[in-house]
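The values are calculated or read from the model by the stated rules, or taken from the named source; none is laboratory data. Computed from a prediction, not measured in an experiment: that's the story for all the values here. Ideal geometry is used to build each Cβ from the backbone, glycine not excepted, and the neighbour counts take in all protein chains shown.
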Amino acid sequence: MVRPCFLVIDREYASSISTRKLVIETAKLNVITAYSSAEAIETLKRFPAVDGAVMDASLPDMPCADLARELKAIQPKLIIIAISGPKRDFCEGADHHLDSFEPARLLELLKQLEPEKAAAIEARNESLNAEQR
């Protein structure tokens, strides 16, 4: 089984890693992380075979619509999920928008993007759980 891989574009904080990265990896999906718009663009050029991008819609270094346009120029079929707070602006160019930072909503959307792979991961988890009993 090849697990889906997502480029997570998140703010960088001192002494911590992206909580979105942790949430997505907890669901046994693969993650490549970028902590700025410029790093996201360069990372996508280097690893263009990702299944989608999950980005903070309010990164301070580039407007969300500009980043979405740059990413789509590299990989036109890239699925982009923009996450913002409930009162934030709409991100033009994103394929999906989440107005919440709820991890469960993000994971449900990611599973909907790759339903067969998500089902295979869940079946494998169930198999592993049965073996451990």
Is it true that some residue in segment 88-99 is in contact with a helix residue (DSSP H, G or I) (Cβ under 9 Å, 6 or more places away or on another chain), surrounded by 15 or more Cβ atoms within 10 Å (Cβ to Cβ), modelled with pLDDT under 95 and closer than 27 Å to residue 124 by Cα? no
First in segment 115-127 and in a helix (DSSP H, G or I), second anywhere and not β-branched (Val, Ile, Thr), Cβ under 6 Å, 6 or more apart: 117/4; 118/111; 120/1; 121/28
Among (1) over 19 Å from residue 108 (Cα atoms); (2) touching a residue at least 24 places away in the same chain (Cβ under 8 Å), where does residue 13 come up short? (2)
Would it be correct to say that residue 133 is modelled with pLDDT of 80 or more, of a type in the set (Lys, Arg) and over 11 Å from residue 27 (Cβ atoms)? no
Please give the number of the condition residue 108 fails out of (1) modelled with pLDDT of 80 or more; (2) touching a Leu at 6+ places or on another chain (Cβ under 9 Å); (3) loosely packed, with under 15 Cβ neighbours inside 10 Å. (2)
Would you mention how many residues in segment 56-68 are buried (at least 18 other Cβ atoms within 10 Å of the Cβ) and more than 13 Å from residue 90 (Cα to Cα)? 2
Check segment 69-87 and report whether any residue there is surrounded by 17 or more Cβ atoms within 10 Å (Cβ to Cβ), closer than 18 Å to residue 100 by Cβ, touching a residue at least 40 places away in the same chain (Cβ under 8 Å) and in contact with a Ser or Thr (Cβ under 9 Å, 6 or more places away or on another chain). yes
Identify the single condition in (1) farther than 17 Å from residue 5 by Cα; (2) in a helix (DSSP H, G or I) that residue 94 does not satisfy, given that it satisfies every other one. (2)
Being modelled with pLDDT of 90 or more and either touching a Lys or Arg at 6+ places or on another chain (Cβ under 6 Å) or closer than 21 Å to residue 103 by Cα (or both) narrows it down to one of 34, 40, so name that one. 34
More than 11 Å from the chain's Cα centre (by Cα), in contact (Cβ under 8 Å) with a residue 60 or more places away in the chain and crowded, with 17+ Cβ neighbours inside 10 Å, is that true of residue 27? yes
